[in-house]
Structures are given as C-alpha cells and as structure tokens.
Amino acid sequence: MDSASSSHSMDLQRLADTCREHDRLYRLDKTRSDPQFCFELFRRALIEQSQLAWEYIIAQYHDQVERWVSHVHRANDGHLEAEDFVNDAFARFWQAPAVRGILNKPPEALGSLLQYLKKCAVHAVLDAARKFKNRPATIPIDEKTRFPVRSDVRSVENTFESHESAAELYAAILNSLNTEEEKIIFFQKFTLSKKAAAIQNEFPEIFTDTARIYRVTENLLKRFRRNPDLQELYSATVQNEDPNPGGKPAAASSLISKHAPGPDHD
Amino acid sequence: MTDNHNLPELTDDILLAYLEGDVSRQVADRIEHSPELSSRAEQLSGEVNILNKTFHRAACPKAGDIGDYYLEILPEDQRRSIHDHLKTCAFCTRELAVYRMQLGPPIKTGSGANLLDNVKVFLATLADLTRPAPKGTPVFAFRGSETRLRVYQAEQVAITLDVRSAEETPDMFSVKGMVAGMGSERTDVMIWREDHLVETLSLVRGGFQLDQLQGGKYELVVRSGERVFYIASLIIP
C-alpha cells in the first residue's frame, strides 16, 4: 500500500485512478481501502483550487450523488429532474466553508467529507421543495418538465421594492408588531400556516381560547391592508391571477377598497 | 352591518373562525346563505392565502443549516438559534428527520462543542408482531383483527397505530395511535404526505386520532422536547 506521502506526490491522473480503485475496494471490504487518495484528490480540488481535480471528483462521485438525490427526491415527491439536483449538490459542496474545515483534518476524515457531500445532495432536494411551495400561486407549470414556465415566473421577492426578500419583509413586519400575542400569531399563522386551534393548543398560557386568536388575526389583517409593501403584494397577486378562475370572483380583487381601514379591536 | 336585523353582526373574527371550520352549523349556514357574508369570507381567505404563500417559512433557517445542525458542525450561537426554532417548527423538524434518515449518524471529526442538548432524531421501525410486545406497549381499544396493528419502535418508545377505513366513506381512513415511553413531557404528532403537513396534534392521555386520511404514503413525526421519532414510510391502509 502506498505511504501517506505518496498521495501528495502523485500526479493527478494517477491520484484519480488510485482514488477510484480504493473507492471500489471500500465497497468490497472497508479494511482494504485507504482514504488518503480520495482525500488528497478533494484537497487538491478545494484547497489548491485545481479545476482538473474537481472534474475528476465529479466524474468519480456523480453517479453516487445521483443515487442519493434520487432516493430523497422520490421520498419527497419529485417536482424537478435529478440532474439539476446533482449539479446543485456539487455547487453547494464546492462553496461550503465546512468542507475546507474537514480538509484540514487527517485523511481518515474522508467519511465526514462524503457525508457532507451527501448532506449537500439532501439539501438540494429539500431546498427545491421549499421553493416549490413558495412559488407564486399563478405560475403556470410545464406539464412535461414540472418546471415553472420561465417567462411567467414572478417571484414573491420581486414584488417588493423596499425589501429584498420575503424574509426581510417578514422581519420588518414582525418588528412593527406591538404585542407577544401578535408576534406569535404572525409567526404561527402566516409562516407556519397553523390553525387557531393548533396555536391555542401550543400556547395555552397566552391564549385561553381560539376566539382571542381570531380577534388578533382580524386586527393584524386590518393593519396589513394599510402596509404599503403588502398593498403592493396584494395588487401584484391580483394582477397575476386569472381574471375569473372557474367563474368565481377573484378572491383578492377588491381587498383594499372593500375593507376600508378601521380601528383595531381590542 | 348585519344580514338580518334580528341576528348579531358577524364580524371578521367570526368569519375567520368559519374559514377554519370553528363555528356552529347555524353560523355556517347563515354565512353560506348570505352572498355578502360569503363574499367577505372569501376575501379574508384570499388575504390569508396570499400572506401564507408570501411568508411560508420566512423565519425558518436555511435547509443547509438544518443539515449542518444535524451534522453538529454549526457555531454555538447558530446552533442555539436553530435548536430553539425546532421546538416550534414542524417543517424544520421534519427536514431534520429527513437528514437523519438519509445521512445516518453524524460522523464525528473531532469538534468539541457541547451538543448534549441537540434535538436527536430516532428512526422508528416496524416491530415484529410475532414477538412479544415490548414492555409498556399499550393494549388500548384495538378492536377486531390484530393484523391491522402496527407497532413502531425506537429507543424505549413504542408507537402503536391502528389504521381503519372510515365507516361512512370506505376510501378514507382513520389512524388511532398510542405512544408509550415518552414520559410526561408535552408530545406533538405531525403527519405528512408528499411534502405537505397534513395535521399537527398533541397527545392526549398518550393517544391521538387522525381522521379523513386518503390512502397513500405518509410520514409520521412524533416530537417531545429534544427527542424526535420519525416513521419515514407509513402506508395507509
């Protein structure tokens, strides 16, 4: 077996070949596999920034990452193609500071490194699932690819002028709320979509009944109608909506005019 | 404003309750038979939907940070923040469970942070019912054939599920569950189907019941304090 120093002095092609061989050995018999070669290949790619080493890594682990992705993707109800997630997983791995930290450890940390690569594969799928759920309601979806039709995509983010993202707007609104009750309801109802009964169940010391939750929600909605960013959001959503889906009146078409701002209830 | 001068005004808070199915049949009938009240309820529903879509998980940590939390490689302040968030967020708790399912136990690289109070996920697996039941497994109202029972186990916890078709709608199902071994802490049960949170409820006297479930593949998450038990695949019926 090669000594530890030999992996450092190997030319890249030979290092990649030896890594592949030891990866194969690992699957057959862990005790016969030496992690130093693959670890060194990762080190050259990520620490020395060798493009060629990175290409060897992708060639070596592409199919493995694809299997990981497919497993989670199936488990999570697929909306996108596996290959997109594979590319995303490698990109996330390349950018992660944690990977550099692992590469400062001895080659025995190869297991951690590969677990992190797998984490990036899972992350790619979970992240796509989050984005899919956050998509605007009116985005048409291509039935063949299940991707949003690009020309019609209007993200939630670009409906705001003064806030870069929904998270920023969320934080701004949260900071403007006056009471603990309002903050709890804003978080529980509007970010986690919980019903009043579930909120009351979770915070019985704050809400003795659901009636109070409905009353506070009503006040929040009144106040939100006066918020310029949310007015913009309501308008943008209305503009994006089918003018008369299913013959029913558009749900938000006259929110602001019909609900004239009034005083909050206590 | 009233629809009928003899009846009290139905304000928006009542309409919000109506949208969550939390009013009497009498109030629901009144709303449904009034075009004005129905229209107001629909408008409120539209507003809530827009806000839900806009702010869905806006306060959640990134999915990658949940993974780093699982792998125990986050700095302490970030770890603490995610730890606190996990206590109230079903979505992130389920993502943590998915990481546990997919990654296996974290492979340590020698970091020395104090992770004793990290939320730990245990994969609950189907027990072999031909063997004696584990100590503490409930024998609650399981009527009829025992083959309907499924017992999932992890650590000292047993989650017993009784899946039955609904009497009035045979293509819908109900799940009656009992959880043994969780201790006295508050315990929440979350059921998922294809990335969607179907329902969250708390254990009452160690049990729970989920109704009106369609047939299909579900995931079940049982959370109590710093412990999460995950059934990755629950096929109903």
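Any read-out appearing in this document is the output of simple, stated calculations on the displayed coordinates, not a laboratory observation. Every value quoted in this text rests on a predicted model; they were computed, and no experiment measured them. All Cβ positions, even for glycine, are placed from backbone atoms using ideal geometry, and neighbour counts span all protein chains on display.
Do any of A:118/A:183; A:105/A:131; A:118/B:176; A:183/B:120 go past 32 Å between their Cα atoms, and which? Show your work: numbers first, answer last.
Values: A:118/A:183 37 Å; A:105/A:131 35 Å; A:118/B:176 36 Å; A:183/B:120 28 Å.
Check vs 32 Å cut-off fails for A:118/A:183; A:105/A:131; A:118/B:176.
What is the local net charge at residue A:57, summed over the other residues whose Cβ is closer than 13 Å to its Cβ (Lys, Arg +1; Asp, Glu -1)?
-2
For A:170, A:56, what ranking results if the residue with the fewest other Cβ atoms within 10 Å of its Cβ goes first? If you can, show how the numbers build up before the last one.
Working: A:170 20, A:56 23.
Least to most surrounded, the residues fall as A:170, A:56.
Could you check which residue among B:124, B:17, B:90 shows the biggest mean-square fluctuation in a GNM of chain B with a 10 Å Cα cutoff?
For chain B, modelled as a Gaussian network with Cα springs under 10 Å, the answer is B:17.
Return B:117, B:77, A:229 ranked ascending by Cβ neighbour count within 10 Å, so the fewest neighbours appear first.
Details: B:117 11, B:77 8, A:229 18.
In order of increasing Cβ crowding within 10 Å: B:77, B:117, A:229.
Binning every alpha carbon pair distance of chain B at 5 Å from zero, what are the percents per bin?
1, 5, 12, 13, 14, 13, 12, 10, 8, 6, 3, 2, 1, 0, 0
Net charge around residue A:11, counting only other residues with Cβ within less than 12 Å of its Cβ (Lys, Arg = +1; Asp, Glu = -1)? Before the final figure, lay out each step's value.
Values: positive: A:14, A:44; negative: A:17, A:40.
Net charge around residue A:11: 0.
If the reach is capped at under 14 angstrom between alpha carbons, list the aspartates and glutamates near residue B:87, excluding any in the same chain fewer than eight residues apart.
Once the sequence-local aspartates and glutamates are set aside, what remains near residue B:87 is A:202, B:95, B:117, B:185, B:188, B:226.
Specify the longest stretch of chain B that does not include any exposed loop site, a site being one of the trypsin sites (Lys or Arg not before Pro) with a non-H, G, I, E, B DSSP assignment and at most 10 other Cβ atoms within 10 Å. Kindly include the intermediate steps, with their values, before the conclusion.
Numbers: sites that count: B:135, B:143, B:205.
Counting at most 10 other Cβ atoms within 10 Å as exposed, the longest clean stretch of chain B is B:1-134.
Give a residue-ordered list of calculated ³J(HN,Hα) values for the range B:185-195 (Karplus: 6.51 cos²θ - 1.76 cosθ + 1.60, θ = phi - 60°; whole Hz; x for Gly, Pro).
5, 4, 10, 10, 10, 10, 10, 10, 9, 6, 6
For the range A:220-230, take each phi angle, set θ = phi - 60°, evaluate the Karplus expression 6.51 cos²θ - 1.76 cosθ + 1.60, and give the result in whole Hz per residue in order, putting x for glycine and proline.
Result, ordered by residue: 4, 4, 4, 5, 5, 5, 9, 7, x, 5, 6 Hz.
How high is the FRET efficiency from residue A:20 to residue B:80, r the C-beta distance, R0 45 Å, rounded to 0.05?
Numbers: r = 42 Å, r/R0 = 0.93.
E between residue A:20 and residue B:80, to the nearest 0.05, is 0.60.
So how far apart, in nm, are the two label points at residue A:197 and residue B:186 if each is 7 Å from Cα heading toward Cβ?
Inter-label distance under the simple model: 1.7 nm.
Return the single residue from B:156, B:43, B:214 with maximal mean-square fluctuation; model: Gaussian network over chain B, springs between Cα atoms under 10 Å.
Checking each option, the largest mean-square fluctuation is seen for B:43.
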